[in-house]
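Accompanying notes for the structure given below.
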Amino acid sequence: METKVASAGETWVAAYEQRSDLEAFGSAGLALFAMALEFGYDDLDTIGADAVVDGPDDRGCDVVYIDKDKGKLIVAQAYTSTKTRKEASASKAASLRQAISYLVEADIKMVPTRLKASAEAVRASLRAGEIESVYIWFVHNCPGSTNVKTELRAVESTANSILKAHYIDYGKPNVTAVEISSEVLERLYTETSTPILVDEPVEFATPSGFRFEEGEWRCFVAPIQLALLKSLYDKHNTKLFSANVRDFLGMRARESNINYQTQKSLASSPDNFFVYNNGLTILTHNIEVAEDEGKKKVKIHGFSVVNGAQTTGTIGTSESNPPGNAYVLARFISTKSEDLVADVVRYNNSQNAVTASDFRSTDPIQRRLVKEMKAISDAEYDGGRRGGISAAIKRRPKLLPSYSVGQAIAAVHGDPTVAYNEKSAIWSKDVLYSKYFNDDLTAAHVVFCYSILKAVEMEKLNLRLKEAGGAMSAADNGKLEFYRRRGSVFLVVAAIGECLETVSDRVIPNRFRLSFGNSTPEQAAKLWLPAVETLSNLNANLVEALSDGLKNSTKVRETLRSFSQLVASLKQPYEPIFKPIREKIVA
């Protein structure tokens, strides 16, 4: 990766260079890396396969990513200089104005082919009210500059005007245009390595509390005023959650949104908030407690919420100040042991069902899969547990990320609409979780499904590299045009899943029993790649399922059925391609 122009003191450079999985994305890989730093994404290769759109006619877009779970749209232009420069080109920052225009405003017929699928997906999400925050980024490895910031302010103003003119009836997303320079990348990287960012002393009085210590840790448990939490949030915002595996997720005015319900209860009965809420766990460097006129005077040095980010964020973003009689229970924990800090963060969050896969990590099926995976070479699986932002940045190369695993299983088992549109729901909704993570699922089958996803992503990346090298045939151009459609990767994975009986030349009563034995994920993906490359010549027969953004399950099922019948009719000429796979399949 050509990023070594940064100074020796900038540790983000070394971390980025270790992300070999981002090399195929070129400069766009730097934008993906920044997304991991800022938002904790740990499945960057899968996100990148869908979101990277850079090329000669990208109109200023290198990355367009819609995170429906968090209501985010990220539009990024990325640049990496191989020479020392005082600043990045302001004209590249200005090109983001063009990017936004093509994504949300221009006549869709005028949008370049490379960008059209992204534009359609962005517009559909805006109209559906799925986007609450729009992040417009210029990511580069040069020092920040006033010129770039000036251009980005103009980009932000333009984006706000366009959204107001065309999408005012669908909500008002918050728009921020930001320069992610080398200094910003360094700050973000440093913050991920520092468990407690709010390092100042915090003092408060509490009516009661108790303390105790054991081995390497000390703890003080006491009620604290919600007004204190709000003042801290007003001052420090999400830095309060630096040691947490998740940030405050915001609120949507829906009955199913727990943060919305929490804020309603805070407004209606603040005096009962103490008994309504489970409380907070706060990591600190040191705890001092003194008695004063029947109250306890507490002084803590450092403040990071490791459990209770949603509660703290909900209080912090409330429009009015909580009354003085509103309290929440808090546990303050101090320790000098780095290992213990990691375990405090892990175990406090593994019990929190606020997001996706975290709260499934104690599920017996996940524990079994983690154990089984240890018998497969070059494969690691964390069983739904996400290790936070630091783990996302330094992702182990052998790790099968939980979200990607869930998506792969869903797609292979015939549900590409779920895989693409509901990757979080796979973990949070019992009906979906039990469908894919059941007693029949084995670690070997996880690898089997994941390897199909990796092979499809591999083909798409290979086509992008061919295009960059100017070695594209007409057939390759057709394939890449198909893969630019949002959801196409998971649709192809599902199509291969529908063809497994033809590929294996056997009746398959239960797909969960299929595997390649103890083959590594890399070996399995390479085994699939020739078949993926061959079957992708038929991808035009899958286009109909993508006509509405891979949302119509009936249309998807009909398309997959027709595709599998077509492949069955070609079984004989495809025999040399299918045979190596068939010989490795264990059922």
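The values are calculated or read from the model by the stated rules, or taken from the named source; none is laboratory data. What you see is a predicted model, and the numbers here were worked out from it, not measured in a lab. Here the Cβ is made from the backbone with ideal geometry for all residues, glycine too, and neighbour counts use every protein chain on show.
Report whether or not VAL184 is in contact with a strand residue (DSSP E or B) (Cβ under 7 Å, 6 or more places away or on another chain) and either assigned by TED's automatic domain parsing to the domain that holds SER27 or closer than 23 Å to ILE74 by Cβ (or both). Criteria not met by VAL184. Could you go through the stretch 45-63 and let me know if any residue there is of a type outside the set (Val, Ile, Thr), under 29 Å from LEU400 (Cβ atoms) and assigned to a strand (DSSP E or B). Checking the stretch 45-63: not a single residue is of a type outside the set (Val, Ile, Thr), under 29 Å from LEU400 (Cβ atoms) and assigned to a strand (DSSP E or B). Per the conditions (1) surrounded by 15 or more Cβ atoms within 10 Å (Cβ to Cβ); (2) modelled with pLDDT of 95 or more, the sole criterion not satisfied by LYS551 is (2).
Among the residues of the stretch 326-339, just one is part of a loop (DSSP other than H, G, I, E, B) and either on the phi > 0 side of the Ramachandran plot or surrounded by 13 or more Cβ atoms within 10 Å (Cβ to Cβ) (or both), namely ALA326.
Among the residues of this structure, VAL52 counts as one that is surrounded by 23 or more Cβ atoms within 10 Å (Cβ to Cβ) and among the β-branched types (Val, Ile, Thr). For the stretch 49-74, the tally of residues that are within 17 Å of the chain's Cα centre (by Cα) and over 20 Å from ILE131 (Cβ atoms) stands at 1.
Scanning for something aromatic (Phe, Trp, Tyr) and in contact (Cβ under 8 Å) with a residue 40 or more places away in the chain, does the stretch 269-283 turn up at least one residue? Within the stretch 269-283 (the criterion being aromatic (Phe, Trp, Tyr) and in contact (Cβ under 8 Å) with a residue 40 or more places away in the chain), the answer is yes, since at least one residue qualifies.
When SER519, SER515, SER504 are checked against the criterion of being in contact with a strand residue (DSSP E or B) (Cβ under 8 Å, 6 or more places away or on another chain), hydroxyl-bearing (Ser, Thr, Tyr) and over 29 Å from ALA119 (Cα atoms), SER515 stands alone in meeting it.
A quick yes/no check of all residues on (1) touching a residue at least 60 places away in the same chain (Cβ under 8 Å); (2) touching a Pro at 6+ places or on another chain (Cβ under 7 Å):
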site	(1), (2)
TYR65	no, no
LYS70	yes, no
TYR79	yes, no
THR82	yes, no
LYS86	no, yes
ILE100	yes, no
ASP107	no, no
GLU120	yes, no
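Just for the stretch 554-583: of the residues that are surrounded by 17 or more Cβ atoms within 10 Å (Cβ to Cβ) and among the polar types (S, T, N, Q), which one is nearest to CYS499 (Cα to Cα)? Step by step, filter the stretch 554-583, then rank; the result is SER564.
When you scan the stretch 207-215, do you find a residue that is at pLDDT below 90, within 30 Å of ALA76 (Cβ to Cβ) and in contact with a Phe, Trp or Tyr (Cβ under 9 Å, 6 or more places away or on another chain), even just one? Within the stretch 207-215, none of the residues are at pLDDT below 90, within 30 Å of ALA76 (Cβ to Cβ) and in contact with a Phe, Trp or Tyr (Cβ under 9 Å, 6 or more places away or on another chain).
Listed here are the helices (runs of 4 or more DSSP H) enclosed by the stretch 340-424 that have at least 3 residues being at pLDDT 95 or above and of a type in the set (Val, Ile, Thr): 402-412.
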